[in-house]
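Colleague: Attaching a single structure in structure tokens format; questions to follow.
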Amino acid sequence: MNNSRVLSVILVVFLIIGFLLQRLYQVQIVNHDYYTLVADRQQNKYRLIKAERGIIKDANGEVMSFTKDNVSFYVDTRMMNEKKIDKISSLFSKVFHKDKNYYKKLILNGDNNVCLEKKVTMDLALRIKDTTIDGLFYQDDYTRVYPYGSLASHLLGFVNNEMEGVAGIEKTYNDKLAGVDGKYLIERDVVGRPVSVNDNVSRPPVPGDNIILTIKRNYQKILEEELINGLKKYDAKSAVGIIMNPNNSEIYALANVPTYDPANYNLFDADSRRNRALTDTYEPGSTFKSFIMSILFNNNLVKEDEIINTENGEYQYKSVKIKDTHKFSKLTVKEILEQSSNIGMTKLSERINDELLYKSLRDFGFGNPTGIDLPGEASGLLKKPDQFSGLTKAFLSFGYEISVTPLQLITAYSALINGGFLFQPYLVKSITDYKGNLIYENRPVKVRQVISENTSEEMRKLLIGVVEEGTGREARFDDFLVGGKTGTSQKLINNSYSNNQYNSSFVGFLPAENPQLICLILYNSPAVGKYGGLVAAPVFKNVMQRIIESDVNLLREKKKIIRDENLINNFITSKQLKSNTDFFDVPVKNKSLKKNDSFNFANRTTMPSLLNKSIRDAISVMSELGIRYKILGSGKVISQSIIPGTAINKDSICVLQCGTNIKFSSINLN
């Protein structure tokens with residue numbers, strides 16, 4: 001009996017040993033690879049170390065965007081007990097000044113890994129990182145910082161939660177900025193505590209490269225502040241401004257308002273984040289006249305002092321009536337640009353054949369993206385010759401039937417005044433690695449020569465005339481010359497040109513004899529002032545005035561300019577609310593034509609009222625009447641010696657007293 005029991009026990013033991021041997025065979029031989037992998041995962045764990053994102057700086061080395069090395073703390077609830085929970089809760093309560101029970105509830109109510117504090121600054125993190133508690137661990141959780149808030153936000157762009165660039169420079173140069181993530185192989189003990197790091201298969205993270213921009217922070221700040229001031233003053237919907245070096249298309253400032261905070265981009269709508277300077281297209285209006293004029297001069301199709309019949313301000317051209325607000329019977333080619341005559345430009349454009357017109361405008365870059373190192377650039381629209389209608393050339397001559405971006409326009413203007421060379425605009429000056437070693441240095445890219453140097457010189461002279469004697473007088477300075485062109489284009493809304501919504505713009509450059517800066521100002525639908533010469537030109541002047549004062553190297557020599565305000569050729573810009581030198585009347589859907597007053601006084605026998613008229617308008621009237629005149633002062637006509645309604649005496653002399661103290665309605669246009 002006893003032997004039977006012994007044999008039974010021995011048998012059971014042998015069966016158990018056999019089972020164990022069989023399991024050991026399964027583990028060690030049959031499933032060796034599988035269990036090796038399981039053991040490796042339990043004992044060895046890779047920890048990903050996020051690379052620090054590179055820095056973005058302005059041209060003077062000021063940091064515009066950098067990464068803050070924050071960390072986030074977690075606990076593994078599977079490794080927690082009452083003693084550990086109490087110790088961790090006490091530590092975090094002391095450091096972060098929160099109730100101890102707050103952290104206890106987080107741990108007790110959580111599953112697996114629970115985040116106790118997110119994006120902790122390094123000064124606070126160091127007070128916790130040195131404390132070793134099983135189950136408490138941390139991860140790098142970088143934060144992208146924009147130290148100047150919304151400044152240059154449309155240029156810089158922003159990053160998402162994974163620190164990947166989503167817009168602007170952050171997106172275009174994401175691969176350079178991101179760096180290379182590191183990884184460490186950490187060996188753990190049986191309860192999961194770190195024991196050592198395997199250096200053979202680990203690699204440290206490599207920080208991202210640094211981007212140095214062409215942007216000058218002080219230029220950018222001035223531009224944004226003045227755009228915002230103008231937005232309020234003129235009650236506009238939005239505005240765009242660009243400042244560029246016209247000699248190489250290096251961008252010094254580019255702004256859109258409204259703006260947004262890239263650190264909190266999710267709080268702003270897509271419309272605020274859109275970079276209108278290169279995504280939005282518009283019909284440029286009279287700023288486009290300069291390009292048509294340059295084509296005429298470049299192909300010897302016109303002379304500066306040639307006189308053109310401008311039809312006293314109204315001209316029936318095929319199926320449409322084209323109008324000028326300032327009504328002249330005749331203007332020289334120079335005056336056509338200065339006074340922004342639509343009629344004069346229409347007649348001159350007939351001298352350019354369709355193919356030449358298209359090719360020349362294409363050479364200026366219209367219809368193609370500029371190639372700037374920012375995402376989302378639009379191409380604009382330039383019709384091909386086979387798409388031209390009978391009115392296309394006329395409308396192109398004063399900036400309609402074409403769409404451009406603000407960036408395209410200022411880039412083309414740079415070619416207009418720099419000797420005729422079109423450059424590709426750019427924002428990145430150089431790239432360095434995290435140690436400061438130069439990796440890449442950008443060079444200006446000359447795309448092509450568009451016009452001759454002689455034509456470019458002629459255009460500079462004509463554009464100085466626009467500011468000195470024409471529609472751009474609000475941009476004049478006392479101690480140096482400025483060149484530029486105003487533009488006001490009616491917005492196309494529901495297939496009809498609006499009577500009360502405009503794009504008002506000005507492109508100006510200085511110093512005029514050797515341009516170093518060119519600046520475009522564009523306002524969308526200003527309710528006050530409305531026109532480019534009254535809205536955008538003053539903002540241009542404010543921007544340039546502040547930049548000149550802040551940058552002593554920009555204009556080393558200034559000389560007081562003596563201007564004889566009594567000269568007839570010093571045209572005084574009309575500031576009547578009904579005035580608009582930059583738009584035309586054309587029959588379109590749901591749009592009634594309004595006929596302006598005419599200056600046809602040839603058969604009149606009594607003296608008309610000249611009050612509130614500009615000097616040129618008043619002289620035009622008296623010339624038709626055959627009356628001799630004398631001008632006193634400058635500005636608008638505020639009194640006349642021959643009373644309106646008096647019978648005209650050809651031997652009389654009409655003395656016109658002019659001044660600038662005229663009030664218009666309730667809107668201050670000064």
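Any read-out appearing in this document is the output of simple, stated calculations on the displayed coordinates, not a laboratory observation. Computed from a prediction, not measured in an experiment: that's the story for all the values here. For neighbour counting, all protein chains shown are included, and Cβ atoms are generated from backbone atoms with ideal geometry for every residue, glycine included.
Colleague: Skipping prolines and chain starts, which residues have an amide H placed within reach, meaning under 5 Å, of the one on THR310, given they are 5 or more residues away or on another chain?
Modeller: LYS330, LEU331
Colleague: A follow-up question, please. Tell me, what is the FRET efficiency for ASP551 and ASN500 to the nearest 0.05, using R0 = 35 angstrom and their Cβ-Cβ distance as r?
Modeller: The computed FRET efficiency comes out at 0.35.
Colleague: Using modelled amide H (1.01 Å from N, peptide plane; none on Pro or chain starts), what sits under 5 Å from the amide H of THR325, excluding residues fewer than 5 places away?
Modeller: So THR325 has HN proximity to ASN580.
Colleague: Another question, then. Which pairs, out of LYS321/LYS485; LYS50/LYS105; LYS334/LYS630; LYS94/LYS183, put more than 27 Å between their alpha-carbon atoms?
Modeller: LYS50/LYS105; LYS94/LYS183
Colleague: Given the Cα-Cα distance of ILE228 and ASN109 and 0.36 nm per residue of separation, how much length would full extension add, in nm?
Modeller: 37.9 nm
Colleague: First measure r as the distance between the Cβ atoms of ILE307 and TYR148, then evaluate 1/(1 + (r/R0)^6) with R0 = 41 Å and state the FRET efficiency to the nearest 0.05.
Modeller: 0.15
Colleague: Order 535-544, 416-425 from most to least packed using the mean count of other Cβ atoms within 10 Å.
Modeller: Details: 535-544: 26.8, 416-425: 22.1.
Answer by packing, highest mean first, reads 535-544, 416-425.
Colleague: Next question, about the same structure. If you rank ILE643, ILE518 by fewest surrounding Cβ atoms within 10 Å, what's the result?
Modeller: Ascending number of Cβ neighbours within 10 Å: ILE643, ILE518.
Colleague: Which pairs break 19 Å Cα to Cα here: LYS318/LYS384; LYS98/LYS118; LYS289/LYS323?
Modeller: Over 19 Å apart, Cα to Cα: LYS318/LYS384.
Colleague: Using θ = phi - 60° and the Karplus form 6.51 cos²θ - 1.76 cosθ + 1.60, what ³J(HN,Hα) does each residue of the range 6-20 get, whole Hz, x for Gly and Pro?
Modeller: Per residue, the Karplus-derived 3J(HN,Hα) values read 4, 4, 5, 5, 4, 4, 4, 4, 5, 5, 5, 4, x, 5, 5 Hz.
Colleague: May I ask you to list the trypsin sites (Lys or Arg not before Pro) in the range 239-341 that are in a DSSP loop and have at most 12 other Cβ atoms within 10 Å of their Cβ?
Modeller: Hits after loop and neighbour filter: LYS303, LYS318.
Colleague: By its C-alpha gyration tensor, with a ≥ b ≥ c as the square roots of the eigenvalues, how is the range 70-141 shaped: rounded for a/c under 1.5, else prolate for a/b larger than b/c, else oblate?
Modeller: In terms of gyration-tensor shape, prolate.
Colleague: Pick out, in residue order, every one of the GluC sites (Glu not before Pro) in the range 347-389 that is DSSP loop and has at most 14 other C-beta atoms within 10 Å; say none if there are none.
Modeller: Answer in residue order: GLU350.
Colleague: Another question, if that's okay. Taking amide H atoms as placed 1.01 Å from N in the peptide plane, list the residues 5 or more away in sequence, or in a different chain, whose amide H sits under 5 Å from that of THR606.
Modeller: Amide H to amide H, under 5 Å and 5 or more residues apart or across chains, THR606 pairs with ILE648.
Colleague: Loop only per DSSP, at most 16 neighbouring Cβ atoms within 10 Å: give me the trypsin sites (Lys or Arg not before Pro) in the range 229-262, ordered by residue number.
Modeller: Sparse-neighbourhood loop trypsin sites (Lys or Arg not before Pro): LYS237.
Colleague: Ok, one more. Read phi for every residue in the range 608-619 and hand back ³J(HN,Hα) as whole Hz from Karplus 6.51 cos²θ - 1.76 cosθ + 1.60, θ = phi - 60°, with x for Gly and Pro.
Modeller: For the range 608-619, the Karplus-derived couplings read x, 7, 10, 4, 6, 7, 6, 4, 5, 5, 5, 5 Hz, x marking Gly and Pro.
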